[in-house]
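Undergrad: To start, I am sharing the structure in question, which I have written as structure tokens.
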Amino acid sequence: MSTTNSNPPEAHRETLVQAEHLSRVIENKVQRTVILDDLSFRIPTGSLFAINGPSGSGKSTLLNILTGIDQPTSGTILFMGQAIRSMNENQLAKWRGKNVGIVFQFFQLLPTLTAEENVLLALELSRTIPRSQWRARTAECLELVGLADKAKRLPSELSGGQQQRIAIARALANQPPVLVADEPTGNLDSKTANEVFDLLASLTQQGKTVIYVTHDPLLAARATHRINLLDGKIVGGDGLVAVTAGSEEAEA
């Protein structure tokens, strides 16, 4: 079942991300490969934002650029008003730890740690929350994803859907305003995928912004906003702004 979005009307939303003329090019002596080609768009705060397209369209590269894991060859990004290209690696790491939670397709849980310990590790690494609050925050996150009773289980003792829920709890641990997810349901069966996506979508009701990559047009259609990529370019609009859910017209 799709999650109903009750966020503020578009006109009242602030811009979380403003991307202008982003390009990513890899060059060597033999060839020049354009991965992203002059992308400009914005992501509203509190939105459920999809980056959609087939394999090889540049989706994951764009997601990495938005979070400062990769750098564009040219163009600018303002993320929550900050120019992330101007930060050095240490500044970027601190910024990500405070502002961005990352959910991976293949969960990336440490196999020798329990569900509880995987979430605790995120708090220990970032140290954005006082140590005295770590246990309570971990319990809160596990409760949020419906797995408080699995806190002492190892990843090998959990289903794929449960592992992804733990990964979401870990991403939420530091109370980031933004979650990014790279094909978060790509390794799950359809029923479990819908349940996990419903969980991600529900986070926007708590004021989070969720940015996700998907090759699935049905999941992309559930977004409040999206861009469709093909061969590194935005298609389906004028290439300047995101396409709003329910319309193939560019936003005003």
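The values are calculated or read from the model by the stated rules, or taken from the named source; none is laboratory data. Note that the structure is a prediction, hence the values are computed from the model and not measured. As a convention, Cβ positions derive from the backbone with ideal geometry for all residues, glycine included, and neighbour counts pool all protein chains shown.
Undergrad: Of everything in segment 110-129 that's among the acidic types (Asp, Glu) and modelled with pLDDT of 95 or more, which residue is surrounded by the fewest Cβ atoms within 10 Å (Cβ to Cβ)?
TA: GLU117
Undergrad: Separate question: Would you mind telling me which numbered condition in (1) under 20 Å from VAL119 (Cα atoms); (2) surrounded by fewer than 17 Cβ atoms within 10 Å (Cβ to Cβ); (3) among the polar types (S, T, N, Q) GLN162 fails?
TA: Against the list (1) under 20 Å from VAL119 (Cα atoms); (2) surrounded by fewer than 17 Cβ atoms within 10 Å (Cβ to Cβ); (3) among the polar types (S, T, N, Q), GLN162 comes up short only on (2).
Undergrad: Every residue in segment 33-70 that is polar (S, T, N, Q), in contact with a helix residue (DSSP H, G or I) (Cβ under 8 Å, 6 or more places away or on another chain) and either at pLDDT 95 or above or part of a strand (DSSP E or B) (or both), please.
TA: ASN52
Per-residue answers, yes or no, for (1) surrounded by fewer than 17 Cβ atoms within 10 Å (Cβ to Cβ); (2) at pLDDT 90 or above; (3) over 30 Å from GLY75 (Cα atoms):
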position	(1), (2), (3)
GLN108	yes, no, yes
ARG131	yes, yes, yes
ALA136	yes, yes, yes
ALA148	yes, yes, yes
LYS152	yes, yes, yes
ALA167	no, yes, yes
ALA171	no, yes, no
VAL178	no, yes, no
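Undergrad: Also, quick follow-up: For segment 86-122, what are the residues that are of a type in the set (A, V, I, L, M) and closer than 20 Å to ARG137 by Cβ?
TA: Of everything in segment 86-122, those that are of a type in the set (A, V, I, L, M) and closer than 20 Å to ARG137 by Cβ turn out to be VAL100, ILE102, VAL103, LEU109, LEU110, LEU113, ALA115, VAL119, LEU120, LEU121, ALA122.
Undergrad: On to the next question. Return the residue satisfying two criteria in turn: it lies in segment 204-252 and is closer than 13 Å to LEU62 by Cβ and of a type in the set (Ser, Thr, Tyr), and of such residues it is modelled with the highest pLDDT.
TA: In this case the residue turns out to be TYR212.
Undergrad: Looking only at residues that are among the aliphatic types (A, V, I, L, M), in a helix (DSSP H, G or I) and closer than 15 Å to LEU121 by Cα in segment 133-169, which one is nearest to the chain's Cα centre (by Cα)?
TA: ILE168
Undergrad: Looking at segment 116-132, can you tell me whether even one residue there is polar (S, T, N, Q), out of contact with any Pro (no Cβ under 8 Å at 6 or more places or on another chain) and assigned to a helix (DSSP H, G or I)?
TA: Yes: segment 116-132 contains one or more residues that are polar (S, T, N, Q), out of contact with any Pro (no Cβ under 8 Å at 6 or more places or on another chain) and assigned to a helix (DSSP H, G or I).
Undergrad: Same structure, new question: Considering only residues that are closer than 19 Å to ASP182 by Cα and among the β-branched types (Val, Ile, Thr), look in segment 23-44 and name the one that is surrounded by the most Cβ atoms within 10 Å (Cβ to Cβ).
TA: ILE43
Undergrad: Could you say which residue among ALA193, ALA181 is assigned to a strand (DSSP E or B) and in contact with a helix residue (DSSP H, G or I) (Cβ under 9 Å, 6 or more places away or on another chain)?
TA: Answer to the selection: ALA181.
Undergrad: A further question follows. Which of (1) within 24 Å of THR114 (Cα to Cα); (2) at pLDDT 90 or above is the odd one out, the single condition ALA193 does not satisfy?
TA: Against the list (1) within 24 Å of THR114 (Cα to Cα); (2) at pLDDT 90 or above, ALA193 comes up short only on (2).
Undergrad: Which one is modelled with the highest pLDDT, of the residues in segment 71-106 that are in a loop (DSSP other than H, G, I, E, B) and exposed (fewer than 15 other Cβ atoms within 10 Å of the Cβ)?
TA: THR73
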